[in-house]
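Reading through the structure tokens given below for one structure.
The values are calculated or read from the model by the stated rules, or taken from the named source; none is laboratory data. None of the values given here were measured: they were computed from a predicted structure. Note that each Cβ is placed from the backbone with ideal geometry, even for glycine, and that neighbours are counted across all protein chains shown. All accessible areas refer to the heavy atoms of the entire protein, side chains included, with ligands and DNA or RNA removed. Shrake-Rupley method; radii C 1.70, N 1.55, O 1.52, S 1.80 Å.
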Amino acid sequence: MLQGFSRVGRLAVALALFPVCAVAGLFTEPDPNWQEDAVEYPPPPSEDDLHKFFVTAASPNVFYVDKASLGLGEDRVVRYTLVVRTPGGAENITFEGIRCETGERRIYAHWRPQESTWSPARRSEWEALRATGYNMPRAVLAAQHFCDGPAPPRTLGDARRGLIYGNQQ
């Protein structure tokens, strides 16, 4: 469908359509019997395992996913560690999940380097993915790397390939 567009053009179209899909009901209604897997925090990210991905030229920040943390649960949630670095040297590390079927994201924990531990997020509920501001990297990961519309990756290998090569080549 988007083969005539450049990578940036496909990204723009996918991000523009993401909220439309949610409003139009193209994401499925949550399964009333769905149960989230127990969540185990991964080890802290290693520099060697960080995969840089493009979010937007409007942000000076640099975004990474820790490849070693990438997981796909029985609950079909893609879980990963997101690392955001600012030009001034600040770094924010979160452990998160994306539910492709419902177009939602969740932040489970924040990495606290001073204590060398994960700290559970104060607000950790499923929220709609939005392609704006703070949520832009999550929307990009869903639209360009992990989800095929409302379909999650079939395997962890598919999730890894989606992270590295994108899902709309």
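How large, in percent, is the carbon and sulfur part of the accessible surface of the stretch 39-169 at a probe radius of 1.4 Å? All intermediate terms of the calculation are to be shown ahead of the outcome.
Working: 3150 of 6460 Å².
Taking all protein chains in place, the stretch 39-169 shows 49 percent carbon and sulfur surface.
Dipole of the stretch 34-169 (Lys/Arg Cβ +1, Asp/Glu Cβ -1, origin at the Cα centre): which of 147, 80, 38 lies farthest to the positive side?
The one lying farthest along the dipole's positive direction is 147.
Explain nothing, just compute: Karplus ³J(HN,Hα) = 6.51 cos²θ - 1.76 cosθ + 1.60, θ = phi - 60°, for every residue of the stretch 96-102 in order, whole Hz, x for Gly and Pro.
Values per residue, Gly and Pro as x: 9, x, 10, 9, 4, 4, 10 Hz.
Mind listing the Cα extents of the stretch 126-169 along all three principal axes, in Å, largest one first?
28, 19, 14
Near residue 135, within a Cβ-to-Cβ distance under 10 Å, what is the net charge of the other residues, with Lys and Arg +1 and Asp and Glu -1?
Once all neighbours under 10 Å are counted, the net charge is +2.
With a probe of 1.4 Å, find how much accessible area the stretch 82-169 has per residue, and write the answer as a whole number in Å².
Numbers: 4250 Å² over 88 residues.
Heavy-atom SASA per residue in the stretch 82-169 reads 48 Å².
What distance in nm separates the two pseudo spin-label positions at residue 114 and residue 128, each 7 Å out from Cα along the beta-carbon direction?
For the pair residue 114/residue 128, the computed spacing is 3.7 nm.
Highest first, please rank the peptides 80-93, 37-50 by the mean number of other Cβ atoms sitting within 10 Å of their residues. Can you show the working numbers first?
Details: 80-93: 15.7, 37-50: 13.9.
Most protected by this proxy first, the peptides run 80-93, 37-50.
Please list 68-77, 97-106, 133-142 highest first by mean number of surrounding beta-carbon atoms within 10 Å per residue.
Highest mean packing first, the order is 97-106, 133-142, 68-77.
Report the extension gain between residue 54 and residue 92 in nm, rounded to one decimal, defined as 0.36 nm multiplied by the number of residues separating them, less their alpha carbon distance.
Extra length from residue 54 to residue 92 when fully extended: 12.0 nm.
Can you run phi through the Karplus equation (6.51, -1.76, 1.60; θ = phi - 60°) for the stretch 124-134 and list ³J(HN,Hα) in whole Hz, with x for Gly and Pro?
Couplings: 10, 10, 5, 10, 4, 6, 10, 8, 9, x, 4 Hz.
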